[in-house]
Amino acid sequence: MVKISIFSLASALVSYTGVVAADHWITVVNNCPVTANPWVADTSCTYSAARCGQTNAYTGPTSYSVAPGGSAIFKLPNNFVGRVFDRASSSACGTDGWDCSLLEFNFDNGAAATSQSYDLSNIQGYTRGMQAVPWPSNAGCNTKTCFASNCALDQAYPPGNEGDNAANTSCGAANLGITLYLCTPFDK
């Protein structure tokens, strides 16, 4: 079970009630015993190269410094493709998350070809336990939890292998938000 502080719960609630049409909020909650450095990266012209030039740009902060027990919010536009990762967990992460545990997402809002989707990925390397909790709770949007490199295939892509897409969750046309918990309460 994930421990949620009053501050984190209040942040998530404010995030949920403040969602504006076509915006997606990712609230990163640091349950780690050390400061986290969550980053957001646009992958539309790299890992999602077929989408290059077809997505909206994110113009907000690309990173935060989050103390243990704290949180940060990335307010991302509709039709944005990217990832969030904790750069503090490994110096090898760079600005695109290479070699790190990732939350990957596609915020298409139910476009004809693709729906909104997200997953946890350790394909390039496991560096940090994560839990992704979607809100609002739409049909098809599942919580994904991976606090070890060998978590179940329906929870995260394993190191070095894309698996069978069981880790991916597609959610249809709602304005999806995600609360991303870094580490577990017992990591403290």
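The values are calculated or read from the model by the stated rules, or taken from the named source; none is laboratory data. Note that the coordinates shown come from a computational prediction; the quantities given were computed from them, not determined experimentally. Ideal geometry is used to build each Cβ from the backbone, glycine not excepted, and the neighbour counts take in all protein chains shown. With ligands, DNA and RNA removed, areas are computed over all heavy atoms of the protein, side chains included. Shrake-Rupley method; radii C 1.70, N 1.55, O 1.52, S 1.80 Å.
Here is a yes/no grid of residues against (1) open to solvent by 40 Å² or more (accessible area, probe 1.4 Å); (2) over 15 Å from the mean Cα position of the chain (by Cα):
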residue: S65; (1), (2): yes, yes
residue: K75; (1), (2): yes, no
residue: F80; (1), (2): no, no
residue: S115; (1), (2): no, yes
residue: D119; (1), (2): no, no
residue: W135; (1), (2): no, no
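For (1) modelled with pLDDT under 85; (2) over 24 Å from W39 (Cβ atoms); (3) in contact with a His (Cβ under 7 Å, 6 or more places away or on another chain), each residue gets a yes or a no:
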{"position": "Q124", "(1), (2), (3)": "no, no, no"}
{"position": "A132", "(1), (2), (3)": "no, no, no"}
{"position": "G140", "(1), (2), (3)": "yes, yes, no"}
{"position": "Q155", "(1), (2), (3)": "no, no, no"}
{"position": "E162", "(1), (2), (3)": "yes, no, no"}
{"position": "N165", "(1), (2), (3)": "yes, yes, no"}
{"position": "G177", "(1), (2), (3)": "no, no, yes"}
{"position": "L180", "(1), (2), (3)": "no, no, no"}
{"position": "C183", "(1), (2), (3)": "no, no, no"}
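Reported count of residues in the range 1-60, each being among the hydroxyl-bearing types (S, T, Y) and modelled with pLDDT of 85 or more, is 5.
Among the residues of the range 82-99, are any within 21 Å of P158 (Cα to Cα), at pLDDT 90 or above and open to solvent by 30 Å² or more (accessible area, probe 1.4 Å)? Scanning the range 82-99 turns up at least one residue that is within 21 Å of P158 (Cα to Cα), at pLDDT 90 or above and open to solvent by 30 Å² or more (accessible area, probe 1.4 Å).
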